[in-house]
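None of the figures in this text is laboratory data; all of them are computed from the coordinates on show. For clarity, every value in this text was computed on a predicted model and none was experimentally measured. So basically every Cβ, Gly included, is an ideal-geometry build from the backbone, and we count neighbours across all protein chains shown.
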Amino acid sequence: MSSARELTREAIERVDVSRMIDDVLAFPEQLRDALWRVEAAGLASEDAPGGLVIAGMGGSAIGGALARAALGDRASRPIVLARDYGLPPWTTPDATVLCASYSGNTEETLAAYEAAGALGTRRIVATTGGKLAESARADGVPVIPLPGGFLPRVAVAYLLVVGLEVAGLCGVAPRVHLEIDVAAAHAEQLVAEWGPDGDEDNLAKAIARGLHGTIPQIAGSGLTAPIAYRWKSQINENVKQPAFSHELPELDHNEIVGWEGAGELGRFSAVFLADSDLHPRIQQRIELTRGLIASQAAATYRVESRGEHQTERLISLVLLGDLVSIYMAVLRGVDPSPIDVLDRLKGELARS
């Protein structure tokens, strides 16, 4: 194997100068720390017949999407994401609104915070500081303090746990903190298996090599649908390249036809994120779809979640995707941390 294809710790650190890999490998400890931080915030249990609205953007929003998927049909009331400058129009005063912004200065989330205040809903904030923390403390709104020093997208463990715990505290779903403890222990095993010090042909490294130089299409369903989006956004930000995600069975009603011209347009790859609880027809669709597009794809993968309960299985695929994205960045020779174009966009918006 040539040095350009090596994914040893030394090879990774030559490219990943900001050491994002260390933060990803600390995923198990972050899950446990997140539980402690929610507990330390002293949130009171307060029933929310109107459901839970999680307001956030980008890396701060994905935790809510993952929490909703992990809870699945155990949620007895709606859990809705608000990725905009306000709240869903049906939001009522008896809902709970969780405003999540890692920086505390996300303009869309600040607007949602103000909208929730005007409506009179219960508000909870998760942030490291910024304008959101200042406003919350001035208004007497409880704040779950997130640790500083991360890129927002690397703080996914914290936002996932916050979403799960707040859902339990407001009566939208049962509390699953014991599942989180088990998932953290399982994640430790997966870090050892898939991390830089694992075999050079471990699953994460093998997938990264297979996707390198291609435009990945990530597919999920049910539990794995938001994980597919997470893989896509991590490849976008860490690898600095296009990637796309879609859901089954919907993609079999449109996207599959587009694969007929994929081979003549470029190098496209496909990853299907599977789970033991997927509907049998979805399982069948994964196999059929993968077979039908194989001749036009540079590579295709079916990746199965690992673990017993839903939270454990979800976390396994999130961790795998994060590692794959860093390994892809290393193979491409780009530091995964900087996001210059996003910083320029925010700067332009701030001046307008």
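Between Q284 and Y85, what's the calculated FRET efficiency when r is the beta-carbon distance and R0 is 30 Å? Round to 0.05. My answer for the efficiency is 0.15.
Which length gain, in nm to one decimal place, applies between S18 and V334 when the Cα-Cα distance is subtracted from 0.36 nm times their residue separation?
112.6 nm
Specify whether the C-alpha gyration tensor of the range 34-112 places it in the rounded, prolate or oblate class, a ≥ b ≥ c being the square roots of the eigenvalues: rounded for a/c under 1.5, otherwise prolate if a/b is larger than b/c and oblate if not.
On the way: a/c = 1.36, a/b = 1.08, b/c = 1.25.
Rounded, because the longest to shortest axis ratio a/c is under 1.5.
Stretched out straight at 0.36 nm per residue, the stretch from S45 to F244 would grow longer than its current Cα-Cα span by 67.8 nm. Here the spin labels are modelled as points 7 Å beyond Cα on the Cα-Cβ line, and at D277 and E10 they lie 4.4 nm apart. Whole-Hz Karplus values for the range 140-157 come out as x, 8, x, 10, 8, x, 8, x, x, x, 9, 6, x, 6, 7, 8, 4, 4 Hz, taken residue by residue from phi with 6.51 cos²θ - 1.76 cosθ + 1.60 and θ = phi - 60°; glycine and proline positions read x.
When the charge dipole of the chain is built from unit charges on Cβ atoms (+1 for Lys and Arg, -1 for Asp and Glu) and taken about the Cα centre, the candidate among S295, L110, A185 whose Cα reaches farthest toward its positive end is L110.
Once you order the gyration tensor axes a ≥ b ≥ c over the Cα atoms, which shape class does the range 53-159 get: rounded for a/c under 1.5, otherwise prolate or oblate by comparing a/b with b/c? Spell out each step's value before the answer.
On the way: a/c = 1.70, a/b = 1.07, b/c = 1.59.
Oblate shape, in that a/c is at least 1.5 and b/c is the bigger or equal ratio.
Charge dipole of the chain (Cα centre as origin; +1 on each Lys and Arg Cβ, -1 on each Asp and Glu Cβ, all else neutral): 500 debye, rounded to the nearest 20. Rounded to the nearest Hz, the phi-derived 3J(HN,Hα) couplings of the range 99-116 under the Karplus curve 6.51 cos²θ - 1.76 cosθ + 1.60 (θ = phi - 60°) are 9, 10, 9, 4, 6, x, 10, 6, 5, 5, 6, 4, 5, 5, 4, 5, 5, 5, where x marks glycine and proline. In the chain, Cα pairs under 8 Å separated by at least six residues give a relative contact order of 21 percent. Judged by the ratio a/c of the largest to the smallest principal axis of the C-alpha gyration tensor, the range 127-230 counts as prolate, that ratio being 1.5 or greater while a/b is larger than b/c.
Fully extending the segment from V341 to E193 would add 49.9 nm, taking 0.36 nm per residue of separation and subtracting the current Cα-Cα distance. In order along the range 256-268, phi translates into HN-Hα couplings of 4, 5, x, 5, 4, x, 4, x, 7, 9, x, 9, 10 Hz, rounded to whole numbers, per the Karplus curve 6.51 cos²θ - 1.76 cosθ + 1.60 with θ = phi - 60° and x for Gly and Pro.
Estimated purely from DSSP H runs of n ≥ 4, each contributing -39500 (n - 2.57), the mean residue ellipticity at 222 nm for the chain is -14500 deg cm²/dmol once divided by its residues. Taking the C-alpha atoms only, the angle from helix 130-139 to the longest principal axis of the chain is near 30 degrees.
In this structure the amide hydrogen of A55, modeled in the peptide plane, comes within under 5 Å of the amide hydrogens of A82, L98, C99, A100, none closer than 5 places in sequence on its chain.
Converting the Cα gyration tensor eigenvalues of the range 190-332 into ellipsoid dimensions via √(5λ) gives semi-axes, longest first, of 22, 20, 12 Å. For the chain, lysine pairs separated by 8 or more sequence positions, or belonging to different chains, with Cα-Cα distances below 22 Å total 6.
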